[in-house]
Each structure stands twice: as structure tokens, then as C-alpha cells.
Amino acid sequence: MTDEAYEWLETGDKAEVDDEVGQIDEYDLTSSPNDFNVKTIFDFVESGAVKIPGFQRNYVWDIRRASKLIESLIIGLPVPQIFLYEEGRNSFLVIDGQQRLMTIYYFMRGRFPRRDKRVEIRRVFNEEGRIPDSILQDDSYFDNFNLQLSEVSPGRANKFNKLNYHTLDDHKLQFDLRTIRNIIVKQVRPSNDDSSIYEMFNRLNTGGILLSPQEIRSSLYHSDFYDALFKLNLDLRWRTLLGQLDPDLHMRDIEVLLRGIAMWKLGKDYAPSMVKFLNRYSKDAKTYTSQEIASVEAVVNTTLDAFSTLPREPFLTRQGRFSLPLFEAVFAAAAKKLEREADWTISADALHELASSSDFQKHASEQTTNTSNVKGRLSVAEEILYAKRP
């Protein structure tokens with residue numbers, strides 16, 4: 001894990017290796033090419049038929065890059081194809097092309113999201129199922145989407161510069177009718193396993209900006225549970241514990257919180273790899289009822305309250321990074337206890353003892369995602385934390 005965005009986090013290994021090992025499953029997939037025009041694509045997105053991972057991760061293009069895509073469509077230059085996964089009737093998940101689709105959507109709505117509001121826009125969309133007009137028209141969230149295009153040559157302005165969707169005039173119809181190739185993929189076999197989407201996400205993005213496992217997971221297993229997880233990730237108690245007030249662009253903070261919850265709920269049944277474990281829990285959580293989600297939220301809130309009374313120092317390594325192995329073990333033990341005894345409190349002395357325990361460190365220094373070390377950390381944490389009261 002060498003990405004600079006993750007410098008705040010320590011996994012326990014110099015690089016947490018969690019690659020899939022062995023034979024990749026064979027899939028029976030059907031794929032059909034469809035040339036949808038821009039107006040049809042916009043209508044699909046607006047109606048909710050197309051679920052765009054870009055709504056779940058941050059929209060990352062700046063207005064100049066977005067403007068170049070729009071210009072390409074206007075003048076008829078080819079645009080990379082888009083991959084859609086057919087989940088069901090009139091329901092598609094974007095596998096590749098979310099930035100392009102969002103750019104088209106925003107341009108035709110005439111609004112461009114402010115960079116410092118994109119996390120909040122994502123939260124609103126998750127809660128509302130769409131971006132309400134009141135938010136789209138709020139200048140604190142969006143600017144007007146007027147194309148920003150460089151001069152064609154020195155002293156010769158680009159004729160589309162500063163235009164918007166409604167001022168394209170004679171070019172508006174040709175923009176609306178411009179087609180983009182969409183490859184619609186449907187998994188036939190195995191019928192009860194949608195892991196092919198994960199493989200396609202991974203492989204289609206290896207040539208560009210590689211999506212993190214959590215970005216893929218958040219798109220693939222998006223649910224009411226994930227809506228709750230996104231909200232919890234913005235909680236000030238959680239941000240303070242992490243030492244990162246702004247959400248991580250690649251959702252590593254969400255993955256850390258998810259690991260804590262998954263270890264609390266399913267840690268006794270853990271089996272590698274960590275990617276598969278978190279995918280399995282995320283898939284299970286898609287079936288949670290509103291009552292079950294509320295129950296998880298209540299325990300997480302109680303656990304964060306308990307954490308807020310503790311010193312942060314034990315959670316940090318000598319390099320000042322947040323220790324994931326320690327956090328997930330403490331979180332799982334605390335949540336398990338607080339689920340049954342709401343007045344239980346974590347002892348600061350016990351936390352210090354756990355952090356310095358040679359037995360714990362034995363399970364937290366290398367190969368941190370194998371079964372014996374994961375279960376070893378959970379066991380030691382329960383033994384030490386449950387033995388002491390404040």
C-alpha cells in the first residue's frame with residue numbers, strides 16, 4: 001500500500017498483500033453493443049435506470065477535462081465506450097465510464113459540482129436517490145457549467161468556449177443525437193454469484209486510475225446499509241479518531257470502518273482473503289432490514305461514544321499512522337460487548353496494555369490477513385479488554 005492517499009493508515013505489514021490466489025472462476029457472460037445517443041443516456045441516468053458509481057465515489061474531473069469531453073461529442077470525435085452490467089429489467093450498474101456519464105449529466109443539467117462539496121453532494125444523492133433541484137440550483141454546491149476550452153490557436157478563440165447546453169443553438173441537436181457505444185454485460189453463470197462484476201471493474205481500470213477495492217465494493221454492493229455507512233463515515237467522532245477530518249477520496253476510511261463492523265459481526269467466521277471477506281459481508285448487508293440497519297447504527301454510535309473517551313495515542317504507530325489491526329480488534333471486541341451491555345466502558349489502561357502486548361503484536365506485524373492472525377488479534381483483544389474495567 002504505497003498510495004500517498006493512504007499514508008495516514010498502517011495495516012501492519014509494509015504492504016498488506018491480499019491478492020486473490022488460485023484459479024479465477026470461469027464465467028458465462030453475454031455482452032451486447034448498443035449505440036445510445038446522448039439524450040437517451042441522460043434520460044437513463046435521470047430516471048434511475050442507470051446506477052452510477054460516480055455518485056458513490058467522488059466525481060474527480062475538473063471543468064476543463066469535462067469540457068473537452070463535451071466538445072468531442074459536439075464535433076463528432078470518438079469517445080471511449082461505456083460498460084454497463086445488467087442487474088435486472090431496466091436496471092444497470094456502470095462498470096466503466098462513470099466520469100463520462102456524470103459529465104454528460106451535469107452538462108445537460110447546466111451545473112458543475114464544486115470540488116469542496118462533492119462529498120456532501122454524494123451524501124445527499126444517497127439519501128434522496130437523486131440530486132434535488134434545490135441542491136442543483138444552490139450556488140454553494142454547484143457552479144454554472146459553461147464550457148472552458150483553450151484557444152484553437154494563438155489569438156483564435158474556440159467557438160464553443162463559454163457556451164452551455166442551452167446556448168449550443170444549432171449544435172444542440174447534434175449533441176443530443178451523438179451516439180456512444182455501450183457494452184451491456186449480463187452474467188448467465190454462475191447465476192448466484194455476481195463476482196464477475198468485481199473482476200471486470202478491476203481489469204477495466206488497470207489501464208487508468210485503478211479503483212480501490214472499497215470503491216468497487218461500494219458500487220457493487222450499494223444498499224441502505226452502505227447509505228448508513230457513508231453517514232457514519234462523516235461522523236465527527238469517527239473523523240477525530242482517524243485524525244482525518246476530510247473523507248478519503250478512495251474510500252479507505254470507509255473500508256476501515258467496514259472492517260471493524262464486519263469483524264464484530266462475522267469475525268469468528270473469518271476466512272481469507274480480506275477482499276472476499278468484506279465483499280461477502282457487504283453482500284449479506286444488502287439484505288438487512290431497516291430495523292437491522294438501525295440496530296447496527298445504534299451499536300456503532302455507542303462504540304464511537306466509548307472511543308471518544310479514550311486517548312488516541314495507543315491507536316497510532318511510532319510513525320504517527322493509524323493502526324488498522326489494533327482498531328479493528330478493539331472495535332470488534334467493544335461492539336460485541338456493548339451490544340449486550342450498553343453501560344460497559346473501555347478501560348484506557350487495558351487499551352494501552354493491548355497496544356503494547358507482545359502477544360497482540362505477534363498477530364499484527366506480518367501476514368495480517370491470514371486466518372490465524374485475524375482471529376488471534378480478536379481473541380487477545382477480548383481477553384485484555386474484558387478483564388479490566390476503568
So what are region 28-189's ellipsoid semi-axes, whole angstrom, largest first, if each one is the square root of 5 times an eigenvalue of the alpha-carbon gyration tensor? 27, 21, 13
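Need one number: convex hull volume per residue for region 254-390, Cα atoms only, in Å³. Please report the intermediate quantities before stating the final value.
Details: hull volume 14.6 nm³, N = 137.
Given the Cα convex hull of region 254-390, per-residue volume reads 106 Å³.
What is the extension gain from Asn37 to Ser372, computed as 0.36 nm multiplied by their sequence separation minus the C-alpha to C-alpha distance, in nm to one decimal? Spell out each step's value before the answer.
Working: separation 335, 0.36 × 335 = 120.60 nm, distance 5.34 nm.
Between Asn37 and Ser372, full extension yields an extra 115.3 nm.
Within 10 Å of each candidate Cβ there may be at most 15 other Cβ atoms; applying that plus a DSSP loop requirement, which chymotrypsin sites (Phe, Trp or Tyr not before Pro) in region 43-113 survive? Write out the running numbers ahead of the final one.
Details: sites: Phe44, Phe55, Tyr59, Trp61, Phe83, Tyr85, Phe92, Tyr105, Tyr106, Phe107; in loops: Tyr59, Trp61.
Of the chymotrypsin sites (Phe, Trp or Tyr not before Pro), not one in the loops of region 43-113 has a Cβ with at most 15 other Cβ atoms within 10 Å.
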Apply the Karplus parameterisation 6.51 cos²θ - 1.76 cosθ + 1.60, with θ equal to phi minus 60°, to every residue of region 136-152 and state each ³J(HN,Hα) to the nearest whole Hz, in sequence, with x for glycine and proline. 4, 8, 7, 5, 7, 9, 9, 9, 5, 8, 9, 4, 10, 10, 5, 4, 5
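Relative contact order (percent) for region 28-189, with alpha-carbon contacts under 8 angstrom and 6 or more residues of separation?
The value is 41 percent.
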Assuming R0 = 56 Å, can you tell me the calculated FRET efficiency for the pair Lys172 and Gln244, based on Cβ-Cβ distance, to the nearest 0.05? 0.80
Cα→Cβ-extended label distance, 7 Å offset, between Lys159 and Tyr386, nm: 7.6
Volume per residue that the Cα convex hull of region 294-365 spans, once the total is divided by residue count, Å³: 92
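For the pairs Lys265/Lys286; Lys51/Lys283; Lys283/Lys375; Lys39/Lys172, flag any whose C-alpha to C-alpha distance is greater than 19 Å. Intermediate values should be presented prior to the final figure.
Numbers: Lys265/Lys286 14 Å; Lys51/Lys283 17 Å; Lys283/Lys375 22 Å; Lys39/Lys172 10 Å.
Listed pairs above 19 Å: Lys283/Lys375.
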For region 90-169, treating each Cα as an identical point scatterer without solvent, what Debye log10 I(q)/I(0) comes out at q = 0.13, 0.15, 0.21 1/Å? -0.51, -0.66, -1.05
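Region 334-378: which GluC sites (Glu not before Pro) are DSSP loop and have at most 15 other beta-carbon atoms within 10 angstrom? If you can, show how the numbers build up before the last one.
Details: sites: Glu339, Glu341, Glu353, Glu366; in loops: Glu341, Glu366.
Answer by residue number: Glu341, Glu366.
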For region 305-346 versus region 365-379, the gap between their alpha-carbon centres in whole angstrom: 17
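Loop-only trypsin sites (Lys or Arg not before Pro) in region 286-335, please: DSSP not H, G, I, E or B, and at most 11 other Cβ atoms within 10 Å.
Numbers: sites: Lys286, Arg312, Arg318, Arg321; in loops: Lys286, Arg312, Arg318, Arg321.
Sparse-neighbourhood loop trypsin sites (Lys or Arg not before Pro): Arg318.
Since every read-out is calculated from the coordinates, none of them should be taken as a lab result. As the structure is a prediction and not an experimental result, all values here were calculated from the model. So basically every Cβ, Gly included, is an ideal-geometry build from the backbone, and we count neighbours across all protein chains shown.
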